[in-house]
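Worksheet: the structure to be examined is printed underneath.
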2 protein chains.
Amino acid sequence: MRKELMRLIEIDGELGLLGHIGALLSWDQETFMPIGAVDERSEQIALIESIAHDRAVSPEIGDLLAALGSTSASPSGSPSDDSLLDDMERAYLRVARRQYDRDTKLPADLVAELAREASLAQAAWIEARAKNDFPAFAPYLERIVELKKRQAACLTQGGQGARAARYDALLDLFEPGSTEASIAEVFGKLRGDLVALLDRIASKPPADDSFLRRPCPVSRQAAISGWLMDVMGYERGRGRLDTVAHPFTTTLGVDDVRITTRFIEDSFVSSLFSTVHETGHALYELGIAPGPAFKRTKLHDAASMAVHESQSRMWENMIGRSAAFWKGMYPRLVELASGGDARGPLEGIGLDSFLRAINKVEPSPIRTEADEVTYSLHIILRFELESDLISGRLAVNDLPEAWNAKMKELLGLSVPDDARGCLQDVHWSAGLFGYFPSYALGNLYAAQFWSAMKRDMPDLDERIESGDLGSVLGWLRAKIHRHGSSLLPTELVYRVTGSTLDPKHFVAYLDEKYSRIYAL
Amino acid sequence: MRKELMRLIEIDGELGLLGHIGALLSWDQETFMPIGAVDERSEQIALIESIAHDRAVSPEIGDLLAALGSTSASPSGSPSDDSLLDDMERAYLRVARRQYDRDTKLPADLVAELAREASLAQAAWIEARAKNDFPAFAPYLERIVELKKRQAACLTQGGQGARAARYDALLDLFEPGSTEASIAEVFGKLRGDLVALLDRIASKPPADDSFLRRPCPVSRQAAISGWLMDVMGYERGRGRLDTVAHPFTTTLGVDDVRITTRFIEDSFVSSLFSTVHETGHALYELGIAPGPAFKRTKLHDAASMAVHESQSRMWENMIGRSAAFWKGMYPRLVELASGGDARGPLEGIGLDSFLRAINKVEPSPIRTEADEVTYSLHIILRFELESDLISGRLAVNDLPEAWNAKMKELLGLSVPDDARGCLQDVHWSAGLFGYFPSYALGNLYAAQFWSAMKRDMPDLDERIESGDLGSVLGWLRAKIHRHGSSLLPTELVYRVTGSTLDPKHFVAYLDEKYSRIYAL
């Protein structure tokens, strides 16, 4: 390996360590930190981020990248150099250049201003949502939108993206290689099919899920979570489960990926599916294996937010809400939920009733309460609105009206108030424009990967029924996880499935599953 | 405040944050970290230490210190500058200069070699102790001793300490201002008195402590620990208690001082006294208050290791093993230990029997099992041997024989084997020469502070009996804690007690207490 590349990997390894240290600071804050420590902790996190940022934009990295061949900023390069590199080395340099370009294009004062405004906007959002007062939040959101436009302009400056839409630059932060046009095309196809399926389901009587609100003590829910983590193949020596207010997965080391959940006594399936979801994320992180040379580099990262979400949603929905999975597992679940007590929440509930209940479809104005069918419609709504905001086609003051109109159009619902409408999510106040599409793209990737898995293992359902989840994990590791970020999402989906991203797999999956459940 | 001083404080604040971040990395490793994460964690800790070290020795600090007045390395200074500073500023500069001189005097290759050799020596020590094989460990210890001699030579170079003994330089790392001669004088007085007291106790029948080995479930021990933490005034919003293999206290932030303990089912007083001991350490750290300007600086630190130990031992022994404390508290302890079960370990045991049991004196070859009377003799033994090793008066190969002779002389015991003799402690293998004296000095400081507290509050025993521990904590905060490291231990003890360190307070305290217990 060339010495410049080795030095680049060395610097990158330290950046990786700093990232993991920052993750520990945040994880501890959410799990175990005493309340009095909160002020200093934010200073500790800011210091680590500032040290990491200083190193990430160091001119030495620019020099090393230049010595190793063309950068995206200088179209003329030295192809002879590049030809000396192997595939992984080239993939690594692509990722390293992307990151360095991005980091160095953003002026420090803009980064600081975004952080400050996002902090203020989030505080304002909390209050505005509590008081259902969108006008109080609007000025904050306007400043965030302006700053995101400036950020996008910085990111597209000079490079090939100069002529592209500003929103593309923000999308690219979460879903490398995607554009507003490419996502609009995919969502356009999806939208009609979902609305049509929802209409068919609405004509049927609703599923009864009342027994899912029967009480189940925390200790039993913890036993269920632990059991499912083991069943899925989560290695206990490389992570742990803790409880928090808002569940997440976080990577504190290449062999230390921790998940979290929340136990609600009268909603035991909440922790159950949250654990399966987060374990799905963790298995991805734990399966990344770009080879020893790149173990501590940027290649040791997910291909994208959407690919990450495809993993959690595949485990949560395609496996965790499937008949095949519960055929084998349901008796054990009933037993663990009852904890030896004859009055457990699932006592007297048959498998079919359980499956109908955990797959109940019912439009709701709230994204986080949405089922598998309606969820992506919530995302399409946000994608259309946020791209309009960033491109200037929609003014912040007109957001509530536009939101409510789309909610009627897509889900047939009247929004009761802004608190349960355009004020429901934290994302925009935090400056996270371009993030929402990942959630729906994750569903689409998951379904397309799932089709490929069934193609490769025609007896997949039987394997799952027999409790053989190792086949699933083994396939995911070999086909998806190990690549890390060495492949762009578009390259990954093409390599694994033989075609570009196509929502037909997701629609077909939903159609088959819900036709059966609702006897459509 | 002068701008150089403000900049120095700013740099120091970041060093403080880095120190706390390093403490979190270590705390997590001992408490919750999954086993697979151990390799990367050591790299994360090394990186933070290296970043902190680079900053601690930056020439900018040297320039700032020079601009602010004379340094210890340049005896001629500008007294006019110094006279512009207030007391706390001068105290801060003294501490900052001490640290900078120390950090810059040590060559990086020596620091690295010490770390590497200590790591190898600790591994060799674990094996040698398990196999009772001192000769296998001797070559490692020899290299450590050589490196510590080199370290001491670097630390004394140039400065006023050039003519002082090498061991003094190592002592000074833990107990600023102390020397081999000053400690030998103090220990010399102590030694004879302790041996004499021990002889008198040995002539009496031993106390019965068999009931302390009755089983007590972990949940009840946890309830006892939590109760005692509250009784002592530990603020739960500024720390927490977790379980580990070897209990410790660690500071993760000025408002985040966490303690740990270990629950052993058939030794409930082990976790009880360990919790009281560690809470004593934590209360010190939490009480440091050198003023807002110095909140994040090196002044926000203990005066010394021995002063730290004085706090933990005062709470553990002078309060936690006292008749006054348990007169009020014993009924609640009996109740918590039984957990509503009539067969709790203290059922049918009277207060006097309990007090005799927790104050049982019995020479043992093992330091960590030693009682209040014999403990300091274990330390005197180590002090005499380690100063001989560093000064070259004792060869490593002669250590076992010297150890065994002193054990006979001080404690009247024959050492059964080296594993329970000179191989019993980890300290020397870790390069910790000069650390042991802190433990015994801690006892002496504690007793002298205790005398002063009784002088200031003649009704101290009554207050403690009535459960008023707030008086104790309030006195400690006002007299000791708040000063942090702004006073040297010698200054602190003189200011608080009106005299220099004198072992007579400790001897008188032991004499009075054990005369009563053993009816001497």
Requested in this report: Can you confirm whether the range B:202-215 contains a residue that is at pLDDT below 95 and part of a helix (DSSP H, G or I)?
Outcome: yes
Query - Count - residues of the range A:101-134 that are among the basic types (Lys, Arg), over 29 Å from residue A:63 (Cα atoms) and surrounded by 14 or more Cβ atoms within 10 Å (Cβ to Cβ) - result: 1
Query raised in the report: Is it fair to say residue A:337 is in contact with a Cys (Cβ under 6 Å, 6 or more places away or on another chain), surrounded by 17 or more Cβ atoms within 10 Å (Cβ to Cβ) and not in a loop (DSSP other than H, G, I, E, B)?
Result: yes
Query - Flag for residue B:213 being of a type in the set (Lys, Arg) and surrounded by fewer than 20 Cβ atoms within 10 Å (Cβ to Cβ) - result: yes
Query - When residues of the range B:475-491 are limited to those that are farther than 18 Å from residue B:441 by Cβ and small (Gly, Ala, Ser), the one surrounded by the fewest Cβ atoms within 10 Å (Cβ to Cβ) - result: B:478
Query - Every residue from the range B:224-249 that is surrounded by 15 or more Cβ atoms within 10 Å (Cβ to Cβ), closer than 18 Å to residue A:37 by Cα and either free of Cβ contacts under 8 Å to residues at least 24 places away in the same chain or of a type outside the set (Asp, Glu) (or both) - result: B:233, B:234, B:238, B:239, B:240, B:241, B:249
Query raised in the report: Taking the range A:283-317, which residues are in a helix (DSSP H, G or I) and among the polar types (S, T, N, Q)?
Result: A:310, A:311, A:312, A:317
Query raised in the report: Which condition number in (1) in contact with a Ser or Thr (Cβ under 7 Å, 6 or more places away or on another chain); (2) more than 14 Å from chain B (Cβ to nearest Cβ); (3) under 20 Å from residue A:91 (Cβ atoms) is the one that residue A:285 fails?
Result: (2)
Report task. Take the range A:217-231 and flag every residue that is more than 16 Å from residue A:330 (Cα to Cα) and not polar (S, T, N, Q). Result -> A:217, A:218, A:222
Requested in this report: Those residues that are outside any helix (DSSP H, G or I) and either within 8 Å of chain A (Cβ to nearest Cβ) or under 17 Å from residue A:17 (Cα atoms) (or both), I need them from the range B:1-39; list them, please.
Outcome: B:32, B:33, B:34
Query raised in the report: Which one of the conditions (1) closer than 24 Å to residue B:441 by Cβ; (2) in contact with a helix residue (DSSP H, G or I) (Cβ under 7 Å, 6 or more places away or on another chain) does residue B:336 fail to meet, given that it meets all the rest?
Result: (1)
Report summary line: Cβ pairs under 6 Å, 6+ apart or interchain, first in the range A:269-285 and of a type in the set (Phe, Trp, Tyr), second part of a helix (DSSP H, G or I) and surrounded by 24 or more Cβ atoms within 10 Å (Cβ to Cβ), ordered by first then second residue, are A:284/A:311
Query raised in the report: Taking the range A:51-66, which residues are in contact (Cβ under 8 Å) with a residue 24 or more places away in the chain and either closer than 21 Å to residue B:50 by Cβ or in contact with a Ser or Thr (Cβ under 6 Å, 6 or more places away or on another chain) (or both)?
Result: A:51, A:52, A:53, A:55, A:56, A:57, A:58, A:60, A:61, A:64, A:65
Report summary line: Residue hits (the range B:40-64; away from chain A (no Cβ under 14 Å) and assigned to a helix (DSSP H, G or I)) are B:56, B:59, B:60, B:61, B:62, B:63, B:64
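The values are calculated or read from the model by the stated rules, or taken from the named source; none is laboratory data. Worth saying up front: this structure is predicted, and the values here are computed from it rather than measured. Note that each Cβ is placed from the backbone with ideal geometry, even for glycine, and that neighbours are counted across all protein chains shown.
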